[in-house]
Amino acid sequence: MAVYEIRFHATIGADWSEAIEVIDANTNERLNISSFNFVLGVQDECNRQVLKVSTEAGTINTPETGVFTWLIPASEISGLEENKTYRVGCRFTDDNLNNIQLFIGSLAVIDGEVS
């Protein structure tokens, strides 16, 4: 499986929610990921983990075949620095207990307040 690079954006004062579709490269069909354990971490420039969500903790869900989602509440996003970019990584453990890196990327935190 290829490791992808994804750019995300979150705004201060709003939840950060995403849905990721996982496709089997051989069949071009959604992969059955319902039993996989996903972990997504966000780190600052000093490699300190500032956010973490996972299926094990119940903060990543698999609502349909081949799709996983997360929602990080605004209260946690507001703890990040505005106008700063963080590193993001996501991996999963499959049914054979393989620990696989799915994507890496960045999270730009911006001011999204509306007056």
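Coordinate-derived values only; no laboratory data. Values in this document were obtained by computation on a predicted structure and should not be read as measured data. Cβ sites come from the backbone with ideal geometry, for glycine too, and all protein chains shown count toward neighbours.
Ranked highest first by average number of other Cβ atoms within 10 Å, how do 94-101, 59-66 line up?
59-66, 94-101
What is the sum of charges, Lys and Arg at +1 and Asp and Glu at -1, for the other residues whose Cβ falls under 10 Å from the Cβ of GLN43?
That sum, taken over residues with Cβ under 10 Å, equals +1.
With +1 assigned to the C-beta of every Lys and Arg and -1 to the C-beta of every Asp and Glu, and no other charges, what is the dipole magnitude of the chain about the Cα centre in debye, to the nearest 20?
Here the size comes out at about 240 debye.
With θ set to phi - 60°, apply the Karplus curve 6.51 cos²θ - 1.76 cosθ + 1.60 along the stretch 29-39 and write out the HN-Hα couplings as whole Hz, x wherever there is a Gly or Pro.
10, 4, 7, 6, 10, 4, 9, 6, 9, 9, 9
Name the residues whose placed amide hydrogens come within less than 5 Å of the amide hydrogen of TYR86, ignoring near sequence neighbours (fewer than 5 apart) on the same chain.
LEU107, ALA108, VAL109
Out of residues 5 or more away from VAL50 or on other chains, whose amide H comes under 5 Å of its own, with H placed 1.01 Å from N in the peptide plane?
Placed amide hydrogens put VAL42, GLN43, ASP44 under 5 Å from VAL50.
Computed from the coordinates I sent, Cα Rg over 2.2 N^0.38 Å equals one of (i) 1.00; (ii) 1.10; (iii) 3.52. Tell me the label.
Identified label for the calculated read-out: (ii).
For the stretch 1-42, which GluC sites (Glu not before Pro) pass both filters: DSSP loop (anything but H, G, I, E, B) and at most 15 other C-beta atoms within 10 Å?
Listed in order of number, the matching sites are GLU29.
Tell me which residues come under 5 Å, amide H to amide H, from GLU18 once H is placed; ignore anything under 5 positions away on its chain.
For GLU18, whose amide H was placed from the backbone, the distant partners under 5 Å are TRP70.
So what J values fall out for the stretch 40-54 if you push phi through Karplus, 6.51 cos²θ - 1.76 cosθ + 1.60 with θ = phi - 60°, rounded to Hz, Gly and Pro as x?
Whole-Hz 3J(HN,Hα) from phi for the stretch 40-54: 10, x, 10, 10, 8, 5, 9, 6, 7, 6, 10, 8, 8, 10, 7.
Residue-wise, which Karplus ³J(HN,Hα) couplings in Hz belong to the stretch 89-103, taking 6.51 cos²θ - 1.76 cosθ + 1.60, θ = phi - 60°, and x for glycine or proline?
x, 9, 9, 9, 10, 8, 5, 8, 6, 6, 9, 10, 6, 8, 8
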